[in-house]
Amino acid sequence: MKHIKTLSTRDLKESVKKGGCGECQTSCQSACKTSCTVGNQSCEKLK
Amino acid sequence: MIHQYKSNDYNIVMDVNSGSVHIVDDIVYDMIPLVEPLMNEGIKDPEIIKAAVLNLANIPYPDEVIIEAVEEVLALEKAGQLFSPDIYENAVFDFKNRETVVKALCLHIAHDCNLACKYCFAEEGEYHGRRCHMSYEVGKKALDFLVAHSGNRINLEVDFFGGEPLMNYQVVKDLVAYGRSLEAAHHKKFRFTLTTNGVLLNSDMLEFINTEMSNVVLSLDGRKEVHDRMRPFRGGQGSYEMVVPKFIETAESRNQENYYIRGTFTHHNLDFAEDVLHLNDLGFQQISVEPVVASDKESYAIKEMDLPGIKREYDRLALEMIRRHKEGKGFNFFHFMIDLSGGPCVAKRLSGCGSGTEYLAVTPWGDLYPCHQFVGDEEFLMGNVEEGIIRDDIRNQFKCCNVYAKDKCKKCFARFYCSGGCAANAFHFKGNMNDVYDIGCELQRKRVECAIMIKAALAEEEVFDSRADRQSII
């Protein structure tokens, strides 16, 4: 494409079907402790 | 929903519902706000859209270029990467009825501390109550409770927290050993972490931490004057000189991985990028400096009038990080970390931090709370390690807390990165978990924008993944 570059991203819609295993790290939103918030995380299954 | 913004000469377009991120030229950037309302009305006919865009006088480009750009936009729409619908809100009913298990505990190993940090939400470690150290017996019961209530989860997390957990170090060691003894029989894997102010840290403890802790959080605010202002000993002396060498040793011994230097910035150091860079200049590569959360009455609290300056500071930090990265001296700033291709699934993004459901805090005497921020708020006392969760109603309240239960989150482009923010902050500031801590939201949005801009800047010539491109090739 000439006008648009798309970064490689996980398709959230697809993750509805394949996600939800719950094995990912618990994330503290206010990050006062282990400094892990949802947006900053990676999926354990995709690692 | 589309969110678009300009940062560091990049035009960035976020398609919120698919998670897609696009870097676009000025033509597309100007066009998207014109196309979006048409898409929202269900108008997708390419000829209608082209005609609508061409008819609007304020896009100063040649017609053929506009048509070319419209076709690219429509190709992405067809590939589900632009103007994608929100299909998640309808799934929330099932989400609220989901089974939950406990998979993480925050053990308050000590309601006690050897520093007197001025911003401590735990009132210098005591959490509105009495000084107390967790006994090994209570800790064992906590781990037994966790294993018994974790369902099929293999990975279990236990955070040693406080106060200052190293004040009760023997119990930390004993509980790690006990946890390990449970792993094989119960098919579990413990991931232990520890947060410390570093005052008591010595070589024996460091060896143990490096053997057993998946992560260690080291509290250090930044420049000496900044750190010592907010993190003194009880007698008023600063703690910077004591803890910095120990933390440098810790970071090096872990090969600059699996730790965080964790600082807090306040109203007194709104130029916090200087603190982040100071920490990097000391040699740390895993850095987290986060805004203090405090009542307005405190002089150090972040005020609304501070927000424009803080946002500029995040921009400044992002640019400097890119510069250092390109010079081969990159470092990780926690709030700018974002995994676009391997980030969490929607289920996780809806459930957020898991407080009150998957994650509980345990006091030294074994009481259960939704998280460490609620400890001491008696109305949130959920149960104890002997009897388990007694207050199902509190658990349900947290279970139902998600971005679609919060009006402000529903309209926010950052909802799938933030997941609704901190329930404790919402409750303490607004009296309602389904409201939000607005200052936190402003900063979160800014950080997400910076994080994505950094990704764009560092992607440069790397391969981009447009499903529309691949489809057109096919």
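No lab work stands behind these numbers, since they all come straight from the coordinates. Bear in mind the structure is a predicted one, so any value in this text is a computation, not a measurement. So basically every Cβ, Gly included, is an ideal-geometry build from the backbone, and we count neighbours across all protein chains shown.
Placing unit charges on the Cβ atoms only, positive for Lys and Arg and negative for Asp and Glu, gives segment B:2-85 a dipole magnitude near 280 debye about its Cα centre. Using a ≥ b ≥ c from the Cα gyration tensor of segment B:201-334 (square roots of the eigenvalues), is it rounded, prolate or oblate, where a/c under 1.5 gives rounded and otherwise the larger of a/b and b/c decides, a/b for prolate? Judged from the Cα gyration tensor, segment B:201-334 comes out oblate (a/c at least 1.5, b/c at or above a/b). With respect to chain B, whose longest principal axis is taken over its alpha-carbon atoms, helix B:240-253 is tilted by about 70°. May I ask which residue of B:GLY80, B:HIS133, B:ALA52 lies farthest towards the positive end of the charge dipole of chain B, with charges of +1 (Lys, Arg) and -1 (Asp, Glu) on Cβ and the Cα centre as origin? Among B:GLY80, B:HIS133, B:ALA52, the one farthest towards the positive end of the dipole of chain B is B:HIS133. Across the cross-link table entries B:LYS103/B:LYS430; A:LYS47/B:LYS189; B:LYS103/B:LYS411; B:LYS96/B:LYS406, which are compared at the Cα atoms, the separations over 21 Å belong to B:LYS103/B:LYS430; B:LYS103/B:LYS411. Taking Cα atoms only, the orientation of helix B:26-40 departs from the longest principal axis of chain B by about 90 degrees. Over the protein assembly as shown, the Kirkwood radius and the radius of gyration, each from Cα atoms, give a ratio Rg/Rh of 0.99. If every alpha-carbon in segment B:2-85 counts as one equal scatterer, what log10 I(q)/I(0) does Debye give at q = 0.15, 0.20, 0.23, 0.25 1/Å? After summing over all Cα pairs, the log10 values are -0.49, -0.89, -1.18, -1.37. When the protein assembly as shown is described by a simple charge dipole with +1 on each Lys and Arg Cβ and -1 on each Asp and Glu Cβ, the residue from A:LEU12, B:ILE32, A:CYS24 located farthest towards its positive end is A:CYS24.
Rg and Dmax, both from the Cα atoms of segment B:304-454 and both in Å, are 17.9, 56.
Overall, the ratio between the Cα radius of gyration of chain B and 2.2 N^0.38 Å, rounded to two decimals, is 1.07.
Note on B:ALA148 and B:LEU206: the model spin-label points, each 7 Å out from Cα along the C-beta direction, lie 4.0 nm apart. For segment B:143-239, the percent of C-alpha pairs falling in each 10 Å distance bin, counted from 0 to the bin holding the largest distance, reads 14, 40, 28, 13, 6, 0.
Positive end of the dipole of segment B:337-437 (Cβ unit charges, origin at the Cα centre): among B:CYS422, B:TRP365, B:ALA405, the Cα lying farthest that way belongs to B:ALA405. Between helix B:438-459 and chain B there is an angle of about 70 degrees, using the helix long axis and the longest principal axis of the Cα atoms. In chain B, the calculated helix contribution to ellipticity at 222 nm averages -12500 deg cm²/dmol per residue, counting -39,500 (n - 2.57) for every DSSP H run with n ≥ 4.
Spin-label pair B:GLU378-B:GLN170: with each label point 7 Å from Cα along the Cα-Cβ axis, the two points sit 3.3 nm from one another. The charge dipole of the protein assembly as shown, taken about the Cα centre with unit charges on the Cβ atoms of Lys, Arg (+1) and Asp, Glu (-1), comes to about 840 debye, rounded to the nearest 20.
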